[in-house]
Every structure is written in structure tokens, then in C-alpha cells.
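A short write-up of the structure that comes next.
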Amino acid sequence: MTYVICAILSSGVLAAICVPLFRRDNALESAIIEETEWDLLQRRKEILLGNIQDLDFEYKCGKLSQSDYQQVRSEMTNDVAVVLEHIEQLEKALDLDVLIRRETDSRKGSGKAKVQPVCVSCGTKNPPSNKFCSECGARLNRS
């Protein structure tokens with residue numbers, strides 16, 4: 001009888017430990033946020049700048065020759081310049097505040113039935129919550 005009770009208790013403890021490991025949790029999937037191109041470029045920039053710092057450290061420790069150091073550092077610097085240029089182009093092309101509002105509206109589900117007002121001055125579509133144009137600053141007409 002004692003063995004049966006011990007077996008039941010140990011199987012219950014084992015089940016309590018193992019069940020969460022094999023269960024699919026939808027909350028985890030909803031917590032993962034999609035990365036945009038801008039996020040990926042920012043991460044790439046951080047990695048490249050870290051690599052340049054590591055390269056400088058290796059050179060100061062005497063592990064690299066002067067010519068190798070200059071060659072690799074110039075290549076890495078060019079890579080960083082390309083990434084920074086892409087980031088700048090994205091930021092110029094997109095108004096990040098408008099993108100954030102649009103994304104939050106779509107996640108809340110509130111952007112479905114609202115009409116985006118168009119600026120009469122420059123023709124830019126604006127989020128429904130804007131009172132002024134995000135591009136030129138002109139007052140938006142509400143009709």
C-alpha cells in the first residue's frame with residue numbers, strides 16, 4: 001500500500017513538472033513583437049560597433065599587425081557607414097510617430113472604421129487622431 005501511494009505521489013510531481021514543458025503557450029507568441037527593418041538595422045549597427053571595439057582591443061594587445069588592423073577596420077567602418085545610411089534613409093522616408101500610431105491602432109483594432117484625413121496643403125494621409133498634418137503641420141479639416 002505504501003508503494004502505491006509513493007508511486008501516485010511521484011507520478012503527480014513528475015506530471016506537474018513536465019506538463020508546462022510540453023504545453024504550447026499562446027501568451028508567449030503574443031509577447032513576441034515583430035521586428036521591423038529599422039530594428040534589424042539598429043541591431044546590425046550595434047553589432048558592428050561592438051566588433052570595431054573588439055578589433056581595437058585586439059590591436060592594442062598586439063594580436064594584429066598594423067596593416068591587418070587598418071584593412072579590417074576600414075572594411076568594418078564602411079559596413080557601419082552603409083548601415084547608418086540605410087537607417088537615415090528609412091527615418092527620412094517614414095515618419096516614425098505616424099508608424100507607431102498606426103501600429104498601435106492596428107493592434108488595438110481601433111483603426112478599422114476610421115478614415116484617414118488627407119492634408120489639403122501637401123496631400124499626405126494622416127492618422128485619424130491627428131489634428132495637424134504630420135508632414136507640413138497644416139491644420140486638418142474634419143468633415
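The values are calculated or read from the model by the stated rules, or taken from the named source; none is laboratory data. Everything numeric in this text was worked out from a predicted model, so none of it was measured. Methodologically, a virtual Cβ is constructed for each residue, glycine included, from the backbone with ideal geometry; neighbour enumeration extends over all protein chains shown.
Specify the residue that is modelled with the highest pLDDT; the eligible residues are those in the stretch 100-135 that are among the polar types (S, T, N, Q) and in a helix (DSSP H, G or I).
T104
Residues E37, E58: which one is surrounded by 11 or more Cβ atoms within 10 Å (Cβ to Cβ), within 28 Å of Q89 (Cα to Cα) and modelled with pLDDT of 75 or more?
Testing whether each residue is surrounded by 11 or more Cβ atoms within 10 Å (Cβ to Cβ), within 28 Å of Q89 (Cα to Cα) and modelled with pLDDT of 75 or more leaves just E37.
Please go through the stretch 61-91 and pick out each residue that is surrounded by 11 or more Cβ atoms within 10 Å (Cβ to Cβ) and not in a helix (DSSP H, G or I).
Across the stretch 61-91, the qualifying residues are K63, L64.
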